[in-house]
1. Out of all the residues in segment 160-169, is one or more buried (at least 18 other Cβ atoms within 10 Å of the Cβ), in a strand (DSSP E or B), in contact (Cβ under 8 Å) with a residue 24 or more places away in the chain and not polar (S, T, N, Q)?
2. Looking at (1) surrounded by fewer than 21 Cβ atoms within 10 Å (Cβ to Cβ); (2) in contact (Cβ under 8 Å) with a residue 24 or more places away in the chain; (3) of a type in the set (Gly, Ala, Ser), which is the only condition GLY134 fails?
3. Are any residues in segment 181-211 under 30 Å from ASN169 (Cβ atoms) and over 22 Å from the mean Cα position of the chain (by Cα), and if so, which ones?
4. Pull out all pairs, ordered by first then second residue, where Cβ-Cβ is under 6 Å, the residues are six or more apart or on different chains, the first lies in segment 88-110 and is part of a helix (DSSP H, G or I) and surrounded by 15 or more Cβ atoms within 10 Å (Cβ to Cβ), and the second is polar (S, T, N, Q) and modelled with pLDDT of 75 or more.
5. Does HIS32 satisfy the condition of being surrounded by 17 or more Cβ atoms within 10 Å (Cβ to Cβ), of a type outside the set (D, E, K, R), modelled with pLDDT of 65 or more and within 27 Å of ILE239 (Cβ to Cβ)?
6. In segment 195-239, what count of residues is obtained for those that are acidic (Asp, Glu) and closer than 23 Å to CYS253 by Cβ?
7. Considering only residues that are within 18 Å of MET179 (Cβ to Cβ) and of a type in the set (S, T, N, Q), which ones fall in segment 213-244?
8. State all residues of segment 153-196 that are at pLDDT below 90, on the phi < 0 side of the Ramachandran plot and small (Gly, Ala, Ser); if no residue qualifies, say none.
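The values are calculated or read from the model by the stated rules, or taken from the named source; none is laboratory data. It should be emphasised that the depicted structure is a prediction, and the values quoted were computed from it without experimental measurement. For neighbour counting, all protein chains shown are included, and Cβ atoms are generated from backbone atoms with ideal geometry for every residue, glycine included.
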Amino acid sequence: MKSRQNSTLEFCTRVFSRAVFVLAMLWNSAAHAQAISTPVQSENSQFDGQFRCPESLADDAARDREIAGYVDWAAKQHPNWTSKEVIANRYRLLTLHHCTATLNTISRNASLAGGKDRFACPAGDIRMFFPSGGPGCKPLPLEKGWENFMADPSMIVDVNPNSIVRDKNTVKLWVRFYMNVATAYVSADGIDYGTYDSTKGVWKFFCGNRQQTIVQADYLLGDRPIYHRPSNEAIVEEIKPGTISDFLYQKYCGSR
């Protein structure tokens, strides 16, 4: 099924649930290391005592409800926590309750996010991206100089830290998105340029103003570009909370 690209930023500005963000960040190797090293204090011994290891729950739906409940609890009880502290407390609870299976999965996924074990698998007219291979799948290595930023069931996001350019209150860098949803690129004047499954471009964040723009980008189906969006089509947009753009902004603009 295709989704239509009505905005040039739509694929990365949709709102992710906080629970999906926690799962995605626990996948990420850098976040995994930060979770181990970030100090955090929980003020709710009752919550600590009621915590159950994800592997002890009945099924994936129950695990999804549990982590959504955890993130909602953190947002209500600790609204000033940073994302690192939310993740660090989650890791603390898993360690406190000896959730060995989940901790092993996190460690394994953290290593997978490094790009050594990623695969592009055929799925109709697009590719799907997974941490394990299968029939027809091909390895999807990280490009030289790039690193994984996050991965979730719908998208893999890589960044090139060597491309970062800071100028006063702005940050520019190259970002690559691999998507598991077929998306049609439709220009502002209604021209359908076809379907793409990845995009690679230069992002610019206006730190302090919570704004962003794509300076330029290529939209690709496999290795074939279907559209090059030049700099004269750049649009400055507000960054919505809870989006991938928001996560990138927090990472590279920090508290500014």
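1. No.
2. With (1) surrounded by fewer than 21 Cβ atoms within 10 Å (Cβ to Cβ); (2) in contact (Cβ under 8 Å) with a residue 24 or more places away in the chain; (3) of a type in the set (Gly, Ala, Ser) applied to GLY134, the lone miss is (2).
3. ALA188 - this is the single residue of segment 181-211 that is under 30 Å from ASN169 (Cβ atoms) and over 22 Å from the mean Cα position of the chain (by Cα).
4. Pairs found: LEU94/THR102.
5. On the way: surrounded by 17 or more Cβ atoms within 10 Å (Cβ to Cβ): yes; of a type outside the set (D, E, K, R): yes; modelled with pLDDT of 65 or more: no; within 27 Å of ILE239 (Cβ to Cβ): yes.
Here the answer is no, as HIS32 does not meet what is asked.
6. 2
7. THR243
8. Residues satisfying the conditions are SER154, ALA182, ALA184, SER187, ALA188.
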